[in-house]
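Okay, so here's the structure we're looking at.
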Amino acid sequence: MPWGERGIYSAYLYGVLVSMRVIRGLHNLAPRQRGTVATIGNFDGVHLGHRAVFGRLLAQGQALRLPATVITFEPQAMEYLAPDAAPARLTRLREKLAALADCGIEQVVLLEFGPKLARMGAREFVRELLVDGLSARYLLVGDDFRFGHGREGGFRLLREMGRGHGFAVENLHTITDGDGRVSSTRIREALARGDFAFARRLLGRSYRICGRVGHGDKRGRDIGFPTANLNLHRRVSPLRGVYAVVVDGITERPWPGVANLGTRPTVDGSARYLLEVHLFDFTGNLYGRHLEVEFRHKLRDEKKFESFAALKTQIGRDSVTARTFLGVSATDSGQSIRIRSQG
């Protein structure tokens, strides 16, 4: 990933290459990077609610001629405090940074959530992070934002300390889609039930998982369905099962396939989540390639089969179903594949 202790993360925004500074830890802040407009949160998924926050932040930054700065945490607080109860991540860190850059954010301060932050009181958090660290001039937070040890701090405390330290605080009220709050929780629920259209409505884009292709155990090749294997880099996945997918990063066009995301109970029942993608009518070497897998339709839940022969039969059926859903003929060549639009 193209960033280090004080690195640059680049992305295309409206066809223009833009750069976003990524700063790991307050100790890496340079004097010229102090004086900011800022917002704080996990921003998992970078959904439409988050994008509303960023739009307001960017407008304020332009008005004050200060960089729009996102403060976020790695790991996320719940992943450190209660890892077994932490929600599934919609985006790994690399995906989140790419989405933030796409939104036009100019600077990200990435803080390690560990013993120090877990013990830090709310007032100390404001003084060390917002005042001494960033010299914040403006802070934008959601209406449910809580911070500090025991979640003791909130909007009222921020307003009080802002008056004393010279920064303004604005509360961006709940963003809704007409039926409820736009939230990461609702997106996770939609993904879990296979409702990709609703997830897309809240995200503002199709749901994708990105990763680099690594070496597997070649079991798929042995049964006639070779797969590209992607490590998810997250403790828990918001998806589990078999899906019709399209994949970017292979050719100029997205490539159709069928994917299994889970723990492979028939093979080894691994505790680690793995994404395995069988690409229709594809031949070639993808090891080391960075792919983006877009999920279009859930075919079934993951299950354990009595034998590899039974698994092979089921993968064949899944492939037929996925081809039908995607509108891909079994006789299509790799170069002539056309994928049905989502509409």
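The values are calculated or read from the model by the stated rules, or taken from the named source; none is laboratory data. Remember, predicted model here, so these are calculated numbers, not experimental data. We place every Cβ from the backbone using ideal geometry, glycine too, and count neighbours over all the protein chains shown.
In table form, for the structure just shown:
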| quantity | calculated |
| --- | --- |
| Residues (on the phi > 0 side of the Ramachandran plot and not hydroxyl-bearing (Ser, Thr, Tyr)) located in the range 96-148 | Gly104, Gly148 |
| Filtered residues of the range 143-176 (kept if under 17 Å from Gly55 (Cα atoms) and assigned to a loop (DSSP other than H, G, I, E, B)) | Asp143, His173, Thr174, Ile175 |
| Residue count, the range 93-142 (criterion: β-branched (Val, Ile, Thr) and assigned to a helix (DSSP H, G or I)) | 2 |
| Condition check for Glu124: within 19 Å of Gly153 (Cβ to Cβ) and surrounded by fewer than 21 Cβ atoms within 10 Å (Cβ to Cβ) | yes |
| In the range 79-92, the residues that are part of a helix (DSSP H, G or I) and closer than 26 Å to Ser206 by Cα | Glu79 |
| Answer from Leu29, Leu81, Leu111, Leu48 - the residue that is touching a helix residue (DSSP H, G or I) at 6+ places or on another chain (Cβ under 7 Å), without any contact (Cβ under 8 Å) to a residue 40 or more places away in the chain and surrounded by fewer than 21 Cβ atoms within 10 Å (Cβ to Cβ) | Leu81 |
| Every residue from the range 260-293 that is within 20 Å of His233 (Cβ to Cβ), of a type in the set (D, E, K, R) and modelled with pLDDT of 90 or more | Glu276, Arg289, Glu292 |
| Positions within the range 170-180 being out of contact with any Asp or Glu (no Cβ under 9 Å at 6 or more places or on another chain) and in contact (Cβ under 8 Å) with a residue 12 or more places away in the chain, in sequence order | Glu170, Ile175, Asp177 |
| Residue in the range 301-310 that is under 23 Å from the mean Cα position of the chain (by Cα) and either outside the structural domain of Ala98 (by TED's automatic domain parsing) or among the acidic types (Asp, Glu) (or both) present | yes |
| Count - residues of the range 76-118 that are over 12 Å from Arg234 (Cβ atoms) and either in contact with an Asp or Glu (Cβ under 6 Å, 6 or more places away or on another chain) or of a type outside the set (D, E, K, R) (or both) | 24 |
| Residue check for Arg137: modelled with pLDDT of 95 or more, touching a Gly at 6+ places or on another chain (Cβ under 7 Å), crowded, with 16+ Cβ neighbours inside 10 Å and closer than 30 Å to Ala30 by Cα | yes |
